[in-house]
Amino acid sequence: DGGITQSPKYLFRKEGQNVTLSCEQNLNHDAMYWYRQDPGQGLRLIYYSQIVNDFQKGDIAEGYSVSREKKESFPLTVTSAQKNPTAFYLCASTGPQSSYNEQFFGPGTRLTVL
Amino acid sequence: AQRVTQPEKLLSVFKGAPVELKCNYSYSGSPELFWYVQYSRQRLQLLLRHISRESIKGFTADLNKGETSFHLKKPFAQEEDSAMYYCALNRGGGADGLTFGKGTHLIIQP
């Protein structure tokens, strides 16, 4: 099954711990994104990467970090500095195949801080 | 700063009635706008984009630069249209990501 995958589906974290969310794609897309989805808030961009070894902050990057060592992978680390990390996290990707005009989304990871 | 506004959190209409989901935007450049849809227990997916001027599942959306709007319309609602709908704006062209509205939950009553 091709496409974009995220793991785990559910994640629980104690306060003060860092956690890493996985995002992998086999669509040969150059660009990858992390969004946070909160009820009634829509989606907000955390970080994005247009090419390997490069990434940019989105609108709500504080308390998060990313890496892009491989084209297929774009992991997101939620650090202890993120004050309200409980949310649904969505990863997306796009590429020249769709003229960067369509983002493909993963199934999401629901993070709960205990 | 760019912004996407969807004024209705919830919209409920009867099957067969017309549907209009409102979207307004603010953007200083030439906007690229999209509608994404999330059906129950499914992934968020693209419904349509303004540059294609297409009709998908009976939905259409016209970009009105004068009113800075990109409303989504369908003349006759079907029960399978029930979903969460998000209007989105391309942040800077190319691959800079999207700015989303807060979404409208559309419920089609039988």
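None of the figures in this text is laboratory data; all of them are computed from the coordinates on show. Keep in mind that this is a model prediction, so the values were computed, not measured. We place every Cβ from the backbone using ideal geometry, glycine too, and count neighbours over all the protein chains shown.
How far is it, in nm, from the label point at B:ARG53 to the one at A:LEU114 when both lie 7 Å from their Cα along the line to the Cβ?
Reported label-point gap for B:ARG53 and A:LEU114 is 5.7 nm.
Which of the aspartates and glutamates could be linked to B:LYS57 by a straight reach, that is with a Cα gap under 13 Å, when you skip same-chain ones fewer than 8 residues away?
B:GLU79, B:GLU80, B:ASP81
About its Cα centre, what dipole magnitude does the protein assembly as shown give when the only charges are +1 on Lys and Arg Cβ and -1 on Asp and Glu Cβ, stated in debye to the nearest 20?
On the way: 25 positive and 21 negative charges, 86 e Å.
For the protein assembly as shown, the charge dipole is close to 420 debye.
Between B:LYS73 and A:SER67, what is the spin-label point distance in nm, taking each point 7 Å from the Cα along the Cα→C-beta axis?
Between B:LYS73 and A:SER67, the label points sit 5.1 nm apart.
Among the aspartates and glutamates, which fall within straight-line cross-link reach of B:LYS22, defined as a Cα-Cα distance under 14 Å, with same-chain neighbours fewer than 8 residues apart omitted?
Answer for B:LYS22, where 14 Å is the Cα cut-off: B:GLU8, B:ASP62, B:GLU67, listed by chain and number.
If I take R0 = 30 Å and measure r between the Cβ atoms of A:THR79 and B:GLU80 in this structure, what FRET efficiency does the formula 1/(1 + (r/R0)^6) give, to the nearest 0.05? Please report the intermediate quantities before stating the final value.
Details: r = 41 Å, r/R0 = 1.37.
For A:THR79 and B:GLU80, the calculated efficiency is 0.15.
For peptide A:64-77, how many partner chain Cβ atoms fall within 10 Å of a residue's Cβ, on average? Write out the running numbers ahead of the final one.
Working: counts 0, 0, 0, 0, 0, 0, 0, 0, 0, 0, 0, 0, 0, 0.
Going residue by residue through A:64-77 and averaging, the value is 0.
Given a Förster radius of 30 Å and the C-beta distance between B:ASN64 and A:GLN56 as r, what FRET efficiency does 1/(1 + (r/R0)^6) yield to the nearest 0.05? Working shown, then result.
Numbers: r = 31 Å, r/R0 = 1.03.
Computed FRET efficiency for B:ASN64 and A:GLN56 comes out at 0.45.
Residue separation times 0.36 nm, minus the C-alpha to C-alpha distance between A:ASN26 and A:THR5: what's the value?
Details: separation 21, 0.36 × 21 = 7.56 nm, distance 0.89 nm.
Gain on stretching A:ASN26 to A:THR5: 6.7 nm.
Along the Cα-to-C-beta direction of A:GLU15, a point sits 7 Å from the Cα; which residues of segment A:67-90 have their amide N less than 19 Å from that point?
It comes to A:78-87, nothing else.
May I ask you to derive the FRET efficiency for A:GLU102 and B:ARG41 from their Cβ-Cβ distance with R0 = 22 Å, giving the value to the nearest 0.05?
So the FRET efficiency works out to roughly 0.55.
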